[in-house]
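Each remark here refers to the structure printed beneath this line.
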Amino acid sequence: MKPLVFQSDFGLVDGAVSAMYGVAYSVNPDLKMHDLTHDITPYSIWEASYRLIQTVSYWPDDTVFVSVVDPGVGTDRKSVVARTHSGKYIVTPDNGTLTHVLRLDGISAVREIDEQTNRLPNSGESYTFYGRDVYAYTGARLAAGVISFGEVGPELPVEDLVRLPVVEPYLEGAAVCGTVDVLDVRFGSLWTNIPRELFLKTGAEYGDRLSITIENDTRTVYRNIIQFARSFADVYIGEALAYVNSLDCMAVAINQGSFARAYNIGTGNSWRIRMEPFRI
């Protein structure tokens, strides 16, 4: 019996998530089910992709993830199960949700879900709740060993998977540039796509001051000098800092405050950040 982990943008204010649990338990009542999150921003495929790569590597081999952020539900987008290089399975629409896993973990094989055999029996003609009728059902059958990966459906070329556009981080003189990929939601920290190793090529060390510029398209939203710190406690409460986050990438925060709320900063490829050691 493999762990079964759910992620969605459904929230918990109605019965959608509970219905998926029920379908999984109907496959096998001994399944061990867990939640990654159900608070993905509605329709945000990018955020779903990021939360997967934030999590999948810490679960045991053969863990089955079901990720349902599906604004194209009912269209001709494919439903797939991907096997990652690190030995996990991800059941999801092929809409870009696998972008970060493709880039940072890798996918060894992918199969399109055969809905003739891997769809909840008697689910009727509804084509708006694939999370229950196809993804939870297929994920539970895979996790319980009712079907093998090969029985999911026909194999697809990995290179044909839908990918979201990504802006790669880069060095520019003494600075490093990237994007604000996602928020550490509860605390309002900005998580960038700038890896620690690339950032360190600027010569910055803990305790140094950094010049930080954040732009939304061509509009400068934030420009200031802040400290490069090991942790929040290295600066005063209410003071901004740059630090290395749990994914070994650079982040910006306010100690015991929300940086995103304070400066009205969002996420995605249009939100660019530049970090440079401040030299007098």
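Read the figures in this text as sums done on the coordinates, not as results from a lab. Everything numeric here is computed off the predicted structure, so don't read it as measured data. When we count neighbours, we look across all protein chains shown, and the Cβ atoms used for this are built from the backbone with ideal geometry, even at glycine.
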Where in the chain lies the longest segment free of GluC sites (Glu not before Pro) that are both loop residues by DSSP (not H, G, I, E, B) and have at most 15 other Cβ atoms within 10 Å? 1-124
DSSP-defined antiparallel bridges as percent of all bridges, the chain, nearest 5: 75 percent
Can you show me the helix-derived [θ] at 222 nm for the chain, built from DSSP H runs with n ≥ 4 at -39,500 (n - 2.57) apiece and divided by the number of residues, rounded to the nearest 500. -4500 deg cm²/dmol
So, with points 7 Å from each Cα along the Cβ direction, the A19-D35 label distance in nm works out to 1.7 nm
In terms of the alpha carbon gyration tensor, root eigenvalues a ≥ b ≥ c, rounded if a/c is under 1.5 and otherwise prolate when a/b exceeds b/c or oblate, segment 191-280 is rounded
Lysines within cross-link reach of K88: Cα-Cα under 17 Å, excluding same-chain residues under 8 positions apart? K2, K32
For the chain, with a Gaussian network of springs between Cα atoms less than 10 Å apart, report the residue from G207, G96, G87 with the top mean-square fluctuation. G207
Where the centre of each part is set by its Cα atoms, how far does segment 129-188 sit from segment 5-69, in angstrom? 12 Å
Rounded, prolate or oblate: pick one for segment 1-56, where a ≥ b ≥ c are the square roots of the eigenvalues of its C-alpha gyration tensor, a/c under 1.5 means rounded, and failing that, prolate if a/b is larger than b/c, else oblate. oblate
Go ahead and collect, in residue order, the members of segment 28-53 whose backbone nitrogen is under 16 Å from a label point 7 Å along the Cα-Cβ direction of M1. 28-35
Row for segment 1-150, column shape: gyration tensor on C-alpha, a ≥ b ≥ c, rounded if a/c < 1.5 i.e. under 1.5, prolate if a/b over b/c, else oblate; value rounded
